[in-house]
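A.B. asks: Pasting a structure here, questions to come.
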Amino acid sequence: MKTPKEIIAGALKENRTTLFEHEAKDLVRSVGVIVPRYVLVEPTDPKAVIAAGETLGFPVVLKAVSPDILHKTDAGAVMLNITTAAGLAASITTMKNMIKARAPQAKIRWFLIEKMMPQGLELLIGGLRDGQFGPAVAFGLGGVWVEALKDAVFGILPLNHEEMKDMISQTRAGMFLKGFRGSPALDEEAVHLVITNLSKLLDDQPGIKEIDLNPVRIYARGAAALDVRVVLG
């Protein structure tokens with residue numbers, strides 16, 4: 001696996017200020033953040049896409065990786081919960097047609113086939129480099145709730161363990177982590193670990209301007225970042 005410096009340097013060499021999804025996931029995985037297992041396949045090799053799905057084990061997620069697509073959902077470049085090889089083959093064709101219709105200028109560089117993760121509480125854990133205050137992290141409810149509830153709070157780095165707990169407690173997400181109306185408590189220590197690892201990445205790699213892990217899915221034990229976006233600058 002490439003080092004963070006190598007991943008960032010590769011993007012800058014291509015004059016890109018955003019990482020491809022697999023690059024962003026490799027970046028956070030290098031500091032200990034769990035991400036779903038994936039296989040990257042050339043778009044001209046549908047048999048390899050099917051083989052990747054069978055290797056990972058169904059259900060899987062199919063995503064198109066393109067420098068011309070910023071929002072995958074809008075372009076039809078992501079399909080979830082594909083349960084069979086036949087369904088994956090059909091999804092390839094459907095996705096190509098949707099992208100051609102919605103983003104005709106987009107060139108698909110790869111297909112990313114990813115293991116579908118179990119359901120869990122979805123959080124936003126992010127980071128940015130502020131011109132005045134320096135690196136900071138964001139935390140709150142993620143997934144579809146980001147825009148609807150605007151639950152995020154920010155903490156200036158470095159954060160110790162107690163400051164991290166206090167930041168989390170200020171959010172609705174923190175309430176759900178503790179267990180709410182009969183729902184079980186979730187792994188808050190796994191959340192602390194993701195924030196700590198993300199903080200380390202921001203500290204070690206000054207070329208990262210923004211990083212969003214959304215959603216990070218939290219379980220009774222453990223956590224996984226399902227989507228990662230990294231902006232360089």
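A.B. asks: Considering only residues that are surrounded by fewer than 19 Cβ atoms within 10 Å (Cβ to Cβ) and not aliphatic (A, V, I, L, M), which ones fall in the range 5-22?
C.D. replies: Lys5, Glu6, Gly10, Lys13, Glu14, Asn15, Arg16, Thr17, Thr18
A.B. asks: So which of Leu128, Leu121 is touching a residue at least 60 places away in the same chain (Cβ under 8 Å), under 21 Å from Leu27 (Cβ atoms) and surrounded by 16 or more Cβ atoms within 10 Å (Cβ to Cβ)?
C.D. replies: It is Leu128.
A.B. asks: Are any residues in the range 5-51 within 25 Å of Ala89 (Cα to Cα), under 13 Å from the mean Cα position of the chain (by Cα) and among the aliphatic types (A, V, I, L, M), and if so, which ones?
C.D. replies: Residue satisfying the conditions is Val35 alone.
A.B. asks: Another one. Among the residues in the range 72-83, are any among the aliphatic types (A, V, I, L, M), surrounded by fewer than 17 Cβ atoms within 10 Å (Cβ to Cβ) and outside the structural domain of Ile34 (by TED's automatic domain parsing)? Write out each step before concluding.
C.D. replies: Our first condition is that a residue be among the aliphatic types (A, V, I, L, M); within the range 72-83, this holds for 75, 77-80, 82.
Add one more test, that the residue is surrounded by fewer than 17 Cβ atoms within 10 Å (Cβ to Cβ), and what stays is 80.
This time we only want the ones that are outside the structural domain of Ile34 (by TED's automatic domain parsing), so: none.
Within the range 72-83, none of the residues are among the aliphatic types (A, V, I, L, M), surrounded by fewer than 17 Cβ atoms within 10 Å (Cβ to Cβ) and outside the structural domain of Ile34 (by TED's automatic domain parsing).
A.B. asks: Restricting attention to the range 172-183, does a residue exist that is hydroxyl-bearing (Ser, Thr, Tyr) and either crowded, with 18+ Cβ neighbours inside 10 Å or on the phi > 0 side of the Ramachandran plot (or both)?
C.D. replies: Scanning the range 172-183, I find no residue that is hydroxyl-bearing (Ser, Thr, Tyr) and either crowded, with 18+ Cβ neighbours inside 10 Å or on the phi > 0 side of the Ramachandran plot (or both), so the answer is no.
The values are calculated or read from the model by the stated rules, or taken from the named source; none is laboratory data. Just so it is clear, the model here is predicted, and its values are computed rather than measured. Using ideal geometry, Cβ is built from the backbone for each residue, glycine included, and neighbour counts are taken over all protein chains shown.
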